[in-house]
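One structure below.
The values are calculated or read from the model by the stated rules, or taken from the named source; none is laboratory data. These numbers come from a predicted model, not from an experiment. Virtual Cβ from ideal backbone geometry, glycine too; neighbours counted across all protein chains shown. Note: accessible area is taken over every heavy atom of the protein model, side chains too, but ligands, DNA and RNA are not part of it. Shrake-Rupley method; radii C 1.70, N 1.55, O 1.52, S 1.80 Å.
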Amino acid sequence: MTAPTFKEFVEKHPSIKFFFTGGKGGVGKTISAAAIGHYFATQGKKTLVASLNPVHSLTSLYGQDIWGRGVQKIEGLENLWAVEVDIKKKIEVYREQLTERITSFLKWADIPVDPASFIEIAATNPAFEESAQFDTMTDIMLEKEENYDIIIFDCAAVANAIRLLGLSKIYDLWLGRMIESRKEALSLRVKLSFRKDKIKEEVEKDPMMADLLRQHEKMQKAKAILNDAEKTAFIFVTIPLALPIAVVERFIKMVRAFDIPVGGVFVNRIIPRAVAEADATEYMKNSFKQQDRYMDMIHNQLGDLVSAYIPLYSTEVLGVDGIAKVCEDMQKFKPD
Ligand SMILES: Nc1ncnc2c1ncn2[C@@H]1O[C@H](COP(=O)(O)OP(=O)(O)O)[C@@H](O)[C@H]1O
Ligand SMILES: [Mg+2]
């Protein structure tokens, strides 16, 4: 069975809007995200490439100052914008919000403890940074959905996103419970109060309730998008080596378990036969032989998902021109 190419996949999914790239570090997720962006921008689609990675990868790839500056227009190509979130700063903001939430919860529930230790536990938990990242991604998804035709997340946090989706069922239950008990408590206050109007007004303005409802609604919306195979596609990137292939296999199993649609696998850094044959060194001969073996492995294990091949270039990929080349190759390069 031959897998659909990237172009065929896109043509089969006319409402596609969100792409996510995933894979092991250094395999070419960022250049793939940029190449997908290039593909749509040159077709006249308003396109946004978004990164939440703690490194300035879009800034160095496009050679433009994007980091922490909000959405920036990419020079040298129509219809293309990029945003690179300063995630460390975001995490700090989330820490502050969390502190407020815990403090007001303990006060509201009338629990006479010092909130500091709760905050310490919650905010130093590694899952906390993941949630902050997931939340930031959700914000971009929901806030920019209307303004762009295509949004691509160069997403180092795919594994986190997937894990959090798994957790989201529990989170949902928890939020649902919190909302219910908050409602009960508030209505009790209304019943008990002599100044019903005043209390009712207060209840309607209750910041904690509003916060819970907002979080709940956001989570539901994000889930609906992430599970919509017509709107969303996860693209996994690998190179012909054992570990990156294993990582992609694992990711694919994970996303499928959560009903997140897989949009294909890109195989990057392929040494073209002509290049290998022109270089008679032992090193090249061995690399090429090894590549053959791993290409077989890819075709056996991921064959019906491979939608693009990208050759190994003699230099790193830089600028709109470099990305244009990747975009062209991802549509027509085939290993021989
Ligand atoms: N096919 C390729 N040929 C040459 N250099 C590449 C190729 N693919 C990626 N690179 C370079 O490798 C580095 C890592 O690529 P990148 O897309 O940033 O990976 P990731 O986002 O997965 O960490 C970058 O410097 C990029 O320019
Ligand atoms: Mg990257």
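Within segment 285-309, restricting attention to residues that are part of a helix (DSSP H, G or I) and of a type in the set (Gly, Ala, Ser), which residue is surrounded by the most Cβ atoms within 10 Å (Cβ to Cβ)?
That would be SER287.
If you scan segment 40-72, which residues turn out to be open to solvent by 10 Å² or more (accessible area, probe 1.4 Å), touching a Phe, Trp or Tyr at 6+ places or on another chain (Cβ under 6 Å) and within 13 Å of ligand 2 (Cβ to nearest atom)?
HIS56, THR59
Residue-by-condition table, conditions (1) more than 11 Å from ligand 2 (Cβ to nearest atom); (2) open to solvent by less than 30 Å² (accessible area, probe 1.4 Å); (3) aromatic (Phe, Trp, Tyr); (4) over 18 Å from the mean Cα position of the chain (by Cα):
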residue	(1), (2), (3), (4)
THR5	yes, no, no, yes
GLY28	no, yes, no, no
ALA35	yes, yes, no, no
GLY76	yes, no, no, yes
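I need a count of the residues in segment 267-290 that are of a type outside the set (Lys, Arg) and within 35 Å of the chain's Cα centre (by Cα).
Of the residues in segment 267-290, 9 are of a type outside the set (Lys, Arg) and within 35 Å of the chain's Cα centre (by Cα).
Could you check how many residues of segment 253-283 are farther than 25 Å from GLY25 by Cβ and not β-branched (Val, Ile, Thr)?
Residues meeting the conditions: 9.
Here are the criteria: (1) open to solvent by 30 Å² or more (accessible area, probe 1.4 Å); (2) within 26 Å of the chain's Cα centre (by Cα). Tell me which single one ALA132 does not satisfy.
Every listed condition holds for ALA132 apart from (1).
Return the residues of segment 48-59 that are more than 16 Å from ALA35 (Cβ to Cβ) and either touching a Pro at 6+ places or on another chain (Cβ under 6 Å) or at pLDDT 95 or above (or both); say none if nothing qualifies.
THR59
If we scan segment 97-106, do we find a residue that is under 23 Å from the mean Cα position of the chain (by Cα) and open to solvent by 60 Å² or more (accessible area, probe 1.4 Å)?
Checked segment 97-106: at least one residue is under 23 Å from the mean Cα position of the chain (by Cα) and open to solvent by 60 Å² or more (accessible area, probe 1.4 Å).
Please determine, by comparing only the residues of segment 224-254 that are away from ligand 1 (no atom under 16 Å from the Cβ), touching a strand residue (DSSP E or B) at 6+ places or on another chain (Cβ under 7 Å) and in contact (Cβ under 8 Å) with a residue 60 or more places away in the chain, which one is nearest to TYR294 (Cα to Cα).
Of everything passing the filter in segment 224-254, ALA233 is nearest to TYR294 (Cα to Cα).
Quick check on segment 225-274: of everything there that is in a strand (DSSP E or B) and β-branched (Val, Ile, Thr), which residue is most open to solvent (accessible area, probe 1.4 Å)?
Filtering first and then ranking leaves VAL262.
Cβ-Cβ under 7 Å, sequence separation 6+ or interchain: first residue in segment 290-319 and of a type in the set (Phe, Trp, Tyr), partner in a loop (DSSP other than H, G, I, E, B). Which pairs?
TYR294/PRO240; TYR294/LEU241; TYR309/PHE333; TYR309/LYS334; TYR309/PRO335
For segment 20-40, enumerate the residues that are part of a strand (DSSP E or B) and near ligand 1 (Cβ under 8 Å from one of its atoms).
If the condition is that a residue be part of a strand (DSSP E or B) and near ligand 1 (Cβ under 8 Å from one of its atoms), then THR21 is the only one that fits.
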